[in-house]
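The values are calculated or read from the model by the stated rules, or taken from the named source; none is laboratory data. Everything numeric in this text was worked out from a predicted model, so none of it was measured. In this analysis, Cβ positions are derived from the backbone assuming ideal geometry, glycine residues included, and neighbour counts consider all displayed protein chains. Ligands, DNA and RNA are stripped out before the accessible areas are found, and what is left, the full protein with its side chains, is counted by its heavy atoms. Shrake-Rupley method; radii C 1.70, N 1.55, O 1.52, S 1.80 Å.
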Amino acid sequence: MKPASPQVAVRDAADADVPPDPELDLLFHPRTVAVIGASDTPGRPTTLNWRRVRDWAARTGATAVPVNPRRTEVDGTPTYPSVREVPGEVDVAVVLVSDVDRVVQDAVDKGVRFLVVFAAGFAETGADGARRQADLVRRLAAGGVRMLGPNTNMNLFEAFRDDLPGRAIALITQSGHQGRPVFQGQELGIRFSNWAPTGNEGDLDAADFIDYFARLPETGAIAAYLEGFHDGPAFQRAAARAARLGVPIVVVKVGRTAVGRSWAQSHTGHLAGADEVVSALLRQYGIARVDGLDELLDTAALFARAKRPPVPGVCVYSISGGTSAHMADLLTAAGIDLPELTPQTRERLREWIPDYLRIDNPVDNGGHPVGDWRGRKILDTILADPGVGILVVPITGAFPPMSDAFVADLVAVSATTDKPVCVVWGSPSGTEDAYRVGLLGSQLPVFRTFGNCVTAIRAFLDFHAFQDDVSELVLPEPRPNPAPTATAARTWTEVESKELLTRYGIAVTRDVLCADAAAAAAAASFDGPVVLKAVAAGIAHKSDLGLVRLGVRSPDEVATVVAEFERVVAAQSGASWQGVLVSEQLGGGVETVVGIAPDPVFGPVVMAGIGGVAVEVYRDVAFRIPPFGRREAHRMLRELRGFPLLAGHRGAPPADLEALVDVIMAVQDIALDGVVTELDVNPLLALPEGAVALDALATGVAHG
């Protein structure tokens, strides 16, 4: 992470000048809300939800109107038999009845701007429900009505505290219940501004709300619980705009396993997407992915409460050597830098901390200094160190009055610095005044576990490092994608696939396609060993059948190999012999792989990794979703576990990384042009100068 600069401290001017969507502003700040199916019968969900909307309207200055053809009044408020008969304009209509189809035309006729559909039984139930949902969306769209849901919750109408200072967290959940423990962070003094429960996302989806929340000046972070993606490219565009605006996004994304993907589909009807692709997407746009809802709250709260640190260095300060060692161990394991404090800082700390305690980083004060005047001086001195950007203070045990004085000093010193001061309160009871009054009453980032603190700081530092180059982020735009249909696609031969690579500027081996052994022997000329490969329609993976032979050195060997190839091909059902490819044999370098894979949510995905015959075993690959720039291509390579091989391992010369990036960018062009549905360039030999495709396999509608 580079030092903070004014350029990255403000939102991108081109995006900041665009105000929040006025249409969605009306959803969150309506003048009139009609509640269809409102009831006051004790114990009924419709009663609970009507009263929630009614109370919310009273707090926000809106008007809530009950609609129920079987009632003349609900809770003393006059009702109307249909939304068409509600006087004046209706901005939002909440549908609590299960017969949604019956009220759609009324909403369209009335000119309702938004329909919030609580009912389930749509895409999450299967094909029939998906057709019903599509018809609902079509009818509403034709009438100019936007929809939240179906299968949503009433979390839009929560009681948001207006007494909490600072920037707020905006919450997006595809499961209302999963958002509940996050939203309850209000009880810990964490401010929330809005909650968008998107449900099945028949119309409005997470991308719409990311784009809206990112433009609100009060938004310090966006926290999201996602089960899938309604529109993959739209999510990309929203994430890119949020990144350019400098607004952090933290997500829990389920679907890491087949079980999780199956439940996501049955719960809200979402396509979860391949998890490797999802993780790559989130990294590509600087989005922090966490696993637990507690991590979601803690990480988003750090983003909302803390400013960008001037440097990425972290200092650990505690009253216990064991506590310091434990926290330092976890931070270091997460790749977080704990720089040694300067000699000047250590000299000053020795004035107040005994010689037998460590002060280089971590800093252990032994306990007693936090209870008197020395405590504040130590904090001021550590925070003044130029290598410290974040101070982490784990307090594993509460010892009043010592811990009370410690917390008071932490709160006071945090008001004098822009460097984040993160506190871990380890007492399991959480009833102590130092915690309930001192810490929760402050704007300090407060954690209850070491692990959550480390996760949040890692995400915090990663986001701000990402922001250093955010100007290079490519903003995706809607575009037609004439991808070939799977039924018409066929596998191309190596010759055809390499011709495609050549057209896009990718270097390939010198090859000659020969009909028989005699022609192959003549083509080889034997200046050195050659590679022989069978070319046969209907056979995609030649190595699996032994149809690739390296180091062939004589005409007799050519004849033997070709005869063997012909026998193997003849034994394969549906295969037809087309000849033998004679290729130059190149040595040295690192075998890599670059390719294109289709994703059901995001379309063509570019892949790069360490290649060769064991690529499926090691799976050392990285993904990116077009469009992306050269910086992302370099990041792909550096994510690989095998990157040291490319950097030059044990005296070997480093690979030409710029040439590898050239290939990745060319393959991205192939993906964006829709020329093929799949592409596997493996091996792609990364040399000290240049990169050469030794083999390639494409799938597309036709060659040419």
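Solvent-accessible area of the stretch 14-115 (1.4 angstrom probe, protein heavy atoms only): carbon and sulfur portion equals 49 percent. On the beta carbon distance between residue 585 and residue 340, with R0 = 35 Å, the FRET formula returns roughly 0.10.
Along its three principal directions, the equivalent ellipsoid of the stretch 143-223 from the Cα gyration tensor extends over semi-axes of 22, 15, 10 Å, largest first.
Ratio of Rg to Rh for the stretch 97-143: 0.96 [Cα atoms; Kirkwood radius as inverse mean 1/r over pairs]. Lysine pairs in the chain whose alpha-carbon atoms fall under 21 angstrom of each other, counting only those eight or more residues apart or on distinct chains, come to 7.
Take residue 417: with every protein chain present and a 1.4 Å probe, its accessible area is about 30 Å².
Were the residues from residue 616 through residue 638 laid out at 0.36 nm apart, the gain over their Cα-Cα distance would be 6.0 nm.
Each other residue within a Cβ distance under 15 Å of residue 404 adds +1 if Lys or Arg and -1 if Asp or Glu, for a net charge of -2. Per residue, the convex hull spanned by the alpha carbons of the stretch 30-159 comes to 97 Å³.
How high is the FRET efficiency from residue 541 to residue 21, r the C-beta distance, R0 51 Å, rounded to 0.05? That pair, residue 541 with residue 21, gives E of 0.55. Out of all Cα-Cα pairs in the stretch 505-605, roughly what percent, to the nearest whole number, are more than 21 Å apart? Of all Cα-Cα distances in the stretch 505-605, 42 percent exceed 21 Å. Note on residue 159/residue 356: beta-carbon distance plugged into 1/(1 + (r/R0)^6) with R0 of 51 Å gives a FRET efficiency of 0.45. For the stretch 558-704, the percent of C-alpha pairs falling in each 10 Å distance bin, counted from 0 to the bin holding the largest distance, reads 11, 35, 31, 18, 5. Compared with the alpha-carbon gap, the fully stretched path from residue 141 to residue 332 is longer by 63.5 nm at 0.36 nm per residue. For trypsin sites (Lys or Arg not before Pro), the sites in the stretch 595-655 that DSSP calls loop and that have at most 16 other Cβ atoms within 10 Å are 619, 641, 650.
Exposed loop sites are taken as GluC sites (Glu not before Pro) in a DSSP loop (any state but H, G, I, E or B) with at most 11 other beta carbon atoms within 10 Å; the longest stretch of the chain without one runs 1-350. On the principal axes of its alpha carbon atoms, the stretch 83-204 extends 43, 38, 20 Å, with the longest extent given first. Using the 1.4 Å probe convention, the accessible area of the stretch 44-183 works out to 44 Å² per residue with neighbouring protein chains retained. Of the solvent-accessible surface of the stretch 538-680, computed with a 1.4 Å probe and all protein chains present, 52% belongs to carbon and sulfur. Remark on the chain: ratio of C-alpha radius of gyration to 2.2 N^0.38 Å is 1.16.
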